[in-house]
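S.K.: Questions regarding the structure given below will be posed in turn.
Readers should treat all values here as calculations from the given coordinates under stated rules, not as data from a laboratory. All figures in this text were calculated on a predicted structure; none of them were measured in a lab.
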Amino acid sequence: YGFLLSATPLSQAIQPGEVAVYTLSLQAVGGFSDAVHLSAANPSPELIVSLDAEQAAPPAQVTLTVTDTHPAPLPSGLWYTIAISATSGELTQSFDVHLLVGGTQLYLPMALRVGSEFQDSLHTFVK
């Protein structure tokens, strides 16, 4: 009994002055229908973090908008973690979404060994 909270996407990359939008999805578990209070922590004075609703009852989707106010260009990328919390009574869930402002994403292939088998994987590194 309770609720599940997820976000899409979990991480994004934008340039200075741009906006990142995340969709938070709230799902009921076991017939749960109470209102859930949502909050998003602002990790920097150069970001404006807002939710289009601070309370919702599942099933629901809430939009998290993060607006960057850094002057361009940045000498290197800045990586931010935005903590999301959802509370209803004694039930609490929290997780993080991530934002890269400026910088470059590099996708490097990696081979992982699982038992006696090798598996290919794609990993993101931030520069």
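S.K.: Where the centre of each part is set by its Cα atoms, how far does the range 1-40 sit from the range 44-67, in angstrom?
M.R.: 8
S.K.: Something else: Give me the number: length gained by fully extending GLN61 to TRP79, i.e. 0.36 nm times residue separation minus the C-alpha to C-alpha distance, one decimal in nm.
M.R.: 3.9 nm
S.K.: When averaged across all projection directions, what area in nm² does the alpha-carbon convex hull of the range 26-79 cover?
M.R.: If you wrap the Cα atoms of the range 26-79 in a convex hull and average its projections, you get 4.7 nm².
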